[in-house]
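The values are calculated or read from the model by the stated rules, or taken from the named source; none is laboratory data. Worth saying up front: this structure is predicted, and the values here are computed from it rather than measured. Neighbour counts run over all protein chains shown; Cβ positions are idealised from the backbone, glycine included.
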Amino acid sequence: MLYARQPYQAERNDGAHMFKIMVATLTLMGTLSACTMFGGEHVRSGYVGPASMNQDQVTRLLNQQGYTGVVGLHKNGNDWVGSATNKDGQEVNFDIDKDGTIHTK
């Protein structure tokens, strides 16, 4: 009889051990999820900066800011450079940095 109880006891302990592992795993997963949601690294996956835009998109961005007649638009590293007419009717050279700031010269 003693031999008959030992396998049952071992199976019961394995079940309890498995339950503890499952609880620990779920707790860890919940903690990692909370870290991601509340203060983990923030990735701006939806952000489309000028460095990742094409010429048509950059031209639209400039038009929205009041620039017209965009010419010579090309990439220079992560920046876009070219010439355009500003809101005041003046020809300006511009540089749009990776953050979207338009610098005129």
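The conditions of being touching a strand residue (DSSP E or B) at 6+ places or on another chain (Cβ under 9 Å), outside any helix (DSSP H, G or I) and either modelled with pLDDT of 95 or more or loosely packed, with under 13 Cβ neighbours inside 10 Å (or both) are not met by His42. Looking across region 61-99, the residues that are loosely packed, with under 13 Cβ neighbours inside 10 Å and either acidic (Asp, Glu) or within 13 Å of Pro50 (Cβ to Cβ) (or both) come down to Gln64, His74, Asn76, Gly77, Asp88, Glu91, Asp99. Within region 78-86, is there a residue that is out of contact with any His (no Cβ under 8 Å at 6 or more places or on another chain) and at pLDDT below 90? Looking through region 78-86, at least one residue is out of contact with any His (no Cβ under 8 Å at 6 or more places or on another chain) and at pLDDT below 90.
Looking at Thr101, Thr85, Thr68, which is the one that is polar (S, T, N, Q) and without any contact (Cβ under 8 Å) to a residue 12 or more places away in the chain? Answer to the check: Thr101.
For region 47-73, the set of residues classified as under 15 Å from Thr104 (Cα atoms) and not in a helix (DSSP H, G or I) consists of Gln65, Gly66, Tyr67, Thr68, Gly69, Val70, Val71, Gly72, Leu73, listed by residue number. Kindly provide the set of residues from region 89-103 that are of a type in the set (Asp, Glu) and touching a Lys or Arg at 6+ places or on another chain (Cβ under 9 Å), ordered by number. Result: Asp95, single match.
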